[in-house]
Amino acid sequence: MPATTNDLAEFEETYRAHVAMVQSGDLAGVMGDMLPASLPSVFEGVTVPRGPVLTAEVRAARLVGDRGVGEAVYATQTETIGLRSGWVNDGGHWKADTLENFEA
């Protein structure tokens, strides 16, 4: 089924809230946005913020077919991390199921 404008608006709202949780250090909220079947493998080989996030910038929130793709750049005291996440709609909620780094 093709994605709609409403799907994009819903995904973007979910993704921006997710990025805000990463920045605020809300680990429970962040993990709640993950598709349970993808844990813990989604984090293998991926650099994620560890500790306080000074800034977070959403670079993209888009739909590719029926999947959401979000890109954000997080700055910590020691590094800048680009994270791209893939999301599925599980029938009512967007859940992240893939994660990879990109050059920020």
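Computed from the coordinates by the stated procedures, all read-outs in this text should not be read as laboratory data. Every value quoted in this text rests on a predicted model; they were computed, and no experiment measured them. Every residue, glycine as well, gets a Cβ built from its backbone with ideal geometry; the counts of neighbours run over all protein chains shown.
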Only one of (1) closer than 13 Å to W87 by Cα; (2) surrounded by fewer than 17 Cβ atoms within 10 Å (Cβ to Cβ) does not apply to T55, and that is (1)
Among the residues of segment 2-22, the number that are assigned to a helix (DSSP H, G or I), out of contact with any helix residue (DSSP H, G or I) (no Cβ under 6 Å at 6 or more places or on another chain) and either aliphatic (A, V, I, L, M) or under 15 Å from E71 (Cβ atoms) (or both) is 11
Taking first residues from segment 12-30 that are within 16 Å of G86 (Cβ to Cβ) and in contact (Cβ under 8 Å) with a residue 40 or more places away in the chain and second residues anywhere that are among the acidic types (D, E) and surrounded by fewer than 18 Cβ atoms within 10 Å (Cβ to Cβ), the pairs with Cβ under 9 Å that are 6 or more apart or on different chains are V19/E57
A60 meets each of (1) free of Cβ contacts under 8 Å to residues at least 24 places away in the same chain; (2) surrounded by 14 or more Cβ atoms within 10 Å (Cβ to Cβ); (3) part of a strand (DSSP E or B); (4) not aromatic (F, W, Y) with one exception, condition (2)
Residues of segment 23-57 being in a helix (DSSP H, G or I) and touching a Ser or Thr at 6+ places or on another chain (Cβ under 9 Å), in sequence order, are Q23, S38, V42
Over segment 63-83, the set of residues in contact (Cβ under 8 Å) with a residue 60 or more places away in the chain and not in a strand (DSSP E or B) is G65, D66
Residue hits (segment 63-79; over 13 Å from V19 (Cα atoms) and surrounded by 14 or more Cβ atoms within 10 Å (Cβ to Cβ)) are L63, R67, G68, T76
